[in-house]
Each structure stands twice: as structure tokens, then as C-alpha cells.
């Protein structure tokens with residue numbers, strides 16, 4: 001009986017989080033896709049592409065300022081990744097560590113994931129992801145001022161296109177580059 005109660009609770013929490021994320025994203029994006037961060041901050045959009053067949057994850061991020069100018073973008077391949085959730089976890093950790101290395105201290109992180117975002121922003125509502133939330137907050141706390149949000153693909157398209165080059169085009173070479181991607 002306990003498993004039924006936990007299953008029912010999990011379904012309710014997931015539905016609530018999706019509804020909350022959807023309404024927040026709708027007001028944030030309003031059908032326009034990516035939006036710039038407020039002045040003095042940067043936005044780091046994180047893209048994740050995962051292949052179940054090859055257990056390969058393509059991860060990427062793109063950092064833009066409040067004027068919408070691309071400052072940096074990066075790509076990395078991870079092998080032996082067994083799930084999409086694990087790929088998203090690695091993507092957020094790697095992106096946060098990259099922001100620290102590049103000395104960005106006021107960062108809005110955005111990715112297409114509501115479970116990990118929920119585990120950090122509302123840990124009591126996401127008990128099954130508690131360990132993930134604690135680990136991710138531990139990494140993100142090395143950034144002076146951070147926020148993390150879940151967004152839809154339209155707001156995250158540039159980061160996703162970078163990552164898809166790993167799993168679809170087999171571009172495994174990691175890089176960090178200034179400015180916008182050449183495509």
C-alpha cells in the first residue's frame with residue numbers, strides 16, 4: 001500500500017511542477033523564445049542531447065549578456081551515460097563549473113528539465129530527487145548569485161543545437177569559443 005501512496009504523490013507532484021513550469025515559462029517567453037537576463041547578469045542556457053543506443057551525451061552551453069550578445073559557448077561529449085537524467089545532471093554540473101572557471105558570478109542557468117530544477121528550487125516537493133538537489137546546490141553555491149529555471153526548447157534552441165552535434169553528427173571534440181556559433 002505504501003508504494004501506491006508514493007506513486008500517487010509522485011504523480012501529483014510531477015503534474016503540479018509541470019503546470020507551474022509551464023505557466024512561468026509562458027509568462028517568461030510569451031512565445032518569443034529566448035529572453036535576455038537583467039542588467040549585470042548573464043544567462044547560461046544548457047543543452048543536453050542523449051543517445052540511449054550509444055550511451056553518449058552531448059552537452060553544451062551558451063552564455064549571453066543582458067544585451068543578448070553571445071560571450072562564450074562550449075560543447076563536450078560524455079561517454080557511458082546511462083540515462084537522460086544523468087546527462088542532465090552532468091550538464092548542469094559541468095556548466096556551473098565552467099561558469100566558475102570563466103569567472104561569471106551572477107548567472108541565470110536555464111535547461112529543459114523540471115525534475116532537477118524542482119529538486120533545487122523546491123526540494124520538499126521532490127523527495128525522490130533530494131540527493132541530486134543537494135549535490136547540484138553544492139556545486140552552484142560556488143557561484144556568487146545563481147538562479148536555475150526550466151525552459152522549453154524554443155528558449156533553449158541555440159544550446160540544444162550545439163549539443164545535438166555530438167549525438168547526431170558525431171562531433172566529439174570539446175571546445176570553448178568566444179562569440180556566437182558560426183552557423
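Before moving on, here are some points about what is shown:
- Checking residue 100 against (1) farther than 22 Å from residue 34 by Cα; (2) at pLDDT below 95, the condition it does not meet: (2)
- Contacts under 7 angstrom Cβ, first residue in segment 157-182 being at negative phi and modelled with pLDDT of 85 or more, partner surrounded by 11 or more Cβ atoms within 10 Å (Cβ to Cβ) and assigned to a helix (DSSP H, G or I), 6 or more apart: 160/153; 171/165; 172/166
- Within segment 70-88, the residues that satisfy the criterion of being under 13 Å from the mean Cα position of the chain (by Cα) and either under 20 Å from residue 41 (Cα atoms) or surrounded by fewer than 21 Cβ atoms within 10 Å (Cβ to Cβ) (or both) are 84, 85, 86.
- Flag for residue 47 being in a strand (DSSP E or B), under 19 Å from residue 167 (Cβ atoms) and modelled with pLDDT of 95 or more: yes
The values are calculated or read from the model by the stated rules, or taken from the named source; none is laboratory data. For clarity, every value in this text was computed on a predicted model and none was experimentally measured. Heads up, the Cβs are rebuilt from the backbone with ideal geometry, glycines too, and the neighbour counts pull from every protein chain shown.
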